[in-house]
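The values are calculated or read from the model by the stated rules, or taken from the named source; none is laboratory data. Just so it is clear, the model here is predicted, and its values are computed rather than measured. Neighbour counts run over all protein chains shown; Cβ positions are idealised from the backbone, glycine included.
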Amino acid sequence: MSAKVKTPKEVKETPLMKQYNEIKNKYPDACLLFRVGDFYETFGEDAVRAAGILGITLTKRGAGSPSETALAGFPHHSLNVYLPKLVKAGLRVAICDQLEDPKTTKTIVKRGVTELVTPGVSMNDEVLQAKTNNFLAALHFGKKTIGISFLDVSTGEFLTSQGNEEYIDKLLQNFQPSEVLVQKGTKNNFLHHFGSDFNLFYLEDWIFKEDYANESLTQHFKTTSLKGFGIEELTEGIISSGAILYYLSETQHNKIQHISNIQRIAENAYVWMDRFTIRNLELHHSNNHNATTLLDVIDKTLSPMGGRLLKRWLALPLKEINAINHRLEVVDYLKTNPETLHTFQYQIKQISDLERLISKLATGKISPREINYLKESLDAIIPMKELALKSKNEALRIIGDNLHACELLREKITATITADAPVALNKGNAIARGVNEELDELRDISQSGKSYLEALEARESKNTGIPSLKVAFNNVFGYYIEVRNTHKDKVPENWIRKQTLVNAERYITEELKEYETKILGAEERIYKIESELYEKFIMWCAQYIQPVQLNANLVAQLDCLQSFTQMAIDHNYVRPEFKDDFILDIKDGRHPVIEKQLPPGTPYISNDVYLDNENQQIIMITGPNMSGKSAILRQTALIVLLAQMGSFVPAKSATMGITDKIFTRVGASDNISMGESTFMVEMNETASILNNLTDRSLVLLDEIGRGTSTYDGISIAWAIAEYLHEHPAKAKTLFATHYHELNDMHEQFHRIKNFNVSVKELKDTVLFLRKLIPGGSAHSFGIHVAKMAGMPQMVIQKAQKVLKKLEKSHKSEGSVDLTTNDELQLSIFNMDDPLLEEIKEEILNLDINTLTPVEALMKLNEIKKMVSKK
Ligand SMILES: Nc1ncnc2c1ncn2[C@@H]1O[C@H](COP(=O)(O)OP(=O)(O)OP(=O)(O)O)[C@@H](O)[C@H]1O
């Protein structure tokens, strides 16, 4: 063949690809969906990725030519199906639309990116989960503190705070942002402190400047300062908030008037829980995906905003008695007034996601049908408002008073939008009759069209004597009359032939042409008028953004409170009583999650727990594995948490002073292969508790020290318990351990009390009674448990023999009494060994004045290692 092969230089970019490349260059890190006609196309690497994720066909454009490129696309109306898949796969997606009507331009259609959807910035229902906020976070490392902001663009919530690394870590755990914006220069800093589990996006350093942030925020909120929001002192928080606004404009989110407020996360108003505690207690998240969390059990909310608020309440339990009592009083009231409860529940079920609907309205993305949902939801609020106002409960009456009836908005929606409005505006029939005269007339014309055509068909059929004559429409030449070949000769002369088929001919007439212009013109005009009216109406509605947001929040609160009430009714929870003291007194407490998971017929054994700062500050709980020690520890924390959320609790009674911090630590699992590093981690985690104790803290230590050898473990556990006892805060502590040696502590430290989870020892086995009773345990039960777990008989027998032998030899050596330190010291220093010198050296080099208790423990551990190595 003589065809000349083009060299790359000669390959001419088509105008379309030129436009594509220009836009793509502006969004190099996003997958660009490029609208061409009725399709969204992706090219090159984007196409390869998109085809893989979406399972759509990957083809080639210009196959065989030097400009060959991969291509994959999907119909534009499937955007809602495909977009979430791309975003959930972690891609940033730039949606590039046609910015002008292709019919009206002769050259190439203007195109531009209309939205950049990222995991943290999305309004799309398919990307979002109903009961979960979708937060974008931004973080700024200041000189002393770290600033953080969270924004859920789908609900308009904007929050900020600042604090040390531990605090920021806790917030990141609680808010679980889908995307975190970090200053480029502090990338390593972030990874070092907060790990690599987050979806990070790096922004240029210049964006994180105070002046820039202040200006963007005041401009956005149309205020002169940030004083009104109570955040003007939070320099780092403000800087991170500025970065969030910057990112919104970068991602083409410019209609954001629903972000009407920025709130400070008031760190002092809520119970402090660090990340280990949040994780250990499995509040709303579990490492084991199948595990049931506390949230799964207590969530009886009926609306998406209620579900989201419950999560927030769970993450941020209150510390102020009055605020807690307000919630408890409402629950109490609803529990004793079932009719009110049922009405609330019924009404809440009628309410759609008000918060997200109003955000969609603000961003201009609300559909006519959704406007109707908005109205129906607002209608459903009216009976709730009336009922709340009538109630005998003050907190409820305040809610009732604050609920906004939005009367004019509801009226206007009914008058403006048709009752059966379509999902898409271009489907027509969105604007009600009576709004616009011209629109109504045009609709009459267009609607009379069908009968007009039928009449024309009948008339022409009669005039010409052609019985099978048919009027129809196609896209090529509009309306036509079709005549079968058998009647061809009866066609009047003035008809114009347009198309010949095998069996028929198609004609147009003057009358049909005129009619067509009128009809098609009417439809186009109807669409134009409807769009204009709709846009104007949405703009008018925007004045209701704040009242609707307020309603959404109040409905969410009522929803959480009805959820607490339902929980209390279904599972026999009681109202906790708060006192201004330091006592925690739970009678017949239960574990809210475990009690629901036991097989039918197995009762959950309830337990009393009493702690105070005077006589019973630390409870040392011993008992074999699987006896229920952890359950007692956790249920105590969960009862306190539920109570301070304002919920009733699983117990016969619960009286308590406010708890301000909850710490839990669980010893590394028995997996010895995890070795020393696990032990170090455990010690570091424990150290952070010891440095933050208050007299209102609740500390739960579960098998601390078990990641190391027995004697190390006992020493560490002992020293920590001693420290907690001697610390002036006198923090209330539950200490679960299988080291029965720790039972000796109570003799020396009078606020430590021994308890054990009772078991009944039968001939070769133990029966778990699961009752917490006063007194220590005499020995460990590991072997019994192994037996229960199905260990082969031979192994058990051997173990029993070894144990007996060990116990004997231990006795003959004289057991080490841990209450008298002299003997322990003697056993080290009596050794006639060069090791002695080495140890002496170590000790002499210690600077006791700068040593923290935990460092001392570590040192002790090191010395022990030296001895045991020997
Ligand atoms: N009070 C109770 N009533 C009924 N069942 C219980 C109770 N407490 C615990 N259980 C059951 O026993 C199992 C073991 O309890 P838990 O984990 O608290 O034991 P443990 O003593 O902490 O054991 P380990 O030392 O192995 O961690 C629980 O998963 C639960 O099924």
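Observations on the structure shown:
- The single condition among (1) farther than 26 Å from G156 by Cβ; (2) in contact with a Lys or Arg (Cβ under 9 Å, 6 or more places away or on another chain) that L318 does not satisfy is (1).
- Elements of type helices (runs of 4 or more DSSP H) in the range 141-240, at least 1 residues being over 29 Å from K88 (Cβ atoms): 165-175, 210-221
- Single residue of the range 648-666 satisfying the filter (buried (at least 19 other Cβ atoms within 10 Å of the Cβ) and hydroxyl-bearing (S, T, Y)) that is farthest from N325 (Cα to Cα): T664
- Failed item in (1) modelled with pLDDT under 95; (2) part of a helix (DSSP H, G or I); (3) more than 29 Å from the chain's Cα centre (by Cα), with K392 passing the rest: (2)
- Whichever residue in the range 488-521 is of a type outside the set (S, T, Y) and under 60 Å from the mean Cα position of the chain (by Cα) and, among such residues, is surrounded by the fewest Cβ atoms within 10 Å (Cβ to Cβ): E514
- Taken residue by residue, the range 370-385 has no member that is of a type in the set (S, T, Y) and outside any helix (DSSP H, G or I).
- Qualifying residues in the range 655-681 (those that are touching a Gly at 6+ places or on another chain (Cβ under 7 Å) and among the small types (G, A, S)) - the one modelled with the highest pLDDT: G667
- Filter pass, P592 being within 16 Å of the ligand (Cβ to nearest atom), part of a loop (DSSP other than H, G, I, E, B), under 22 Å from D296 (Cβ atoms) and touching a residue at least 40 places away in the same chain (Cβ under 8 Å): yes
- The strands (runs of 3 or more DSSP E) falling completely within the range 33-139 that include 2 or more residues that are among the aromatic types (F, W, Y) map to 39-43.
- The set of residues from the range 201-235 being buried (at least 16 other Cβ atoms within 10 Å of the Cβ) and either farther than 20 Å from N164 by Cα or of a type in the set (K, R) (or both) comprises F201, L203, I207, Y212, A213, N214, S216, L217, H220, F221, L226, F229.
- Among the conditions (1) modelled with pLDDT of 70 or more; (2) surrounded by fewer than 18 Cβ atoms within 10 Å (Cβ to Cβ); (3) within 16 Å of the ligand (Cβ to nearest atom), T710 misses just one, which is (1).
- Being farther than 14 Å from K629 by Cβ, within 15 Å of the ligand (Cβ to nearest atom), assigned by TED's automatic domain parsing to the domain that holds L701 and modelled with pLDDT of 65 or more holds for only one residue in L762, L767, and it is L767.
- Subset of the range 284-337 [among the charged types (D, E, K, R) and either assigned by TED's automatic domain parsing to the domain that holds Q176 or farther than 17 Å from V555 by Cβ (or both)]: D296, K319, E320, E329, D332, K335
- Single unsatisfied condition, H750 versus (1) loosely packed, with under 15 Cβ neighbours inside 10 Å; (2) part of a strand (DSSP E or B): (2)
Residue by residue, here is whether (1) surrounded by fewer than 21 Cβ atoms within 10 Å (Cβ to Cβ); (2) not assigned by TED's automatic domain parsing to the domain that holds E45 holds:
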{"residue": "L91", "(1), (2)": "yes, no"}
{"residue": "K103", "(1), (2)": "yes, no"}
{"residue": "M123", "(1), (2)": "yes, yes"}
{"residue": "K143", "(1), (2)": "yes, yes"}
{"residue": "I148", "(1), (2)": "no, yes"}
{"residue": "L151", "(1), (2)": "no, yes"}
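- The one condition from (1) free of Cβ contacts under 8 Å to residues at least 40 places away in the same chain; (2) touching a helix residue (DSSP H, G or I) at 6+ places or on another chain (Cβ under 9 Å) that E532 does not meet is (2).
- Annotation note: Cβ proximity below 9 Å between a residue of the range 599-621 that is closer than 13 Å to A736 by Cβ and aliphatic (A, V, I, L, M) and a residue that is within 16 Å of the ligand (Cβ to nearest atom) and part of a loop (DSSP other than H, G, I, E, B) (sequence gap 6+ or interchain) occurs for M620/G776.
- Scanning the range 609-661 for residues that are over 23 Å from A719 (Cα atoms), under 24 Å from the mean Cα position of the chain (by Cα) and away from the ligand (no atom under 16 Å from the Cβ) gives V640, L641, L642, A643, Q644, M645, G646, S647.
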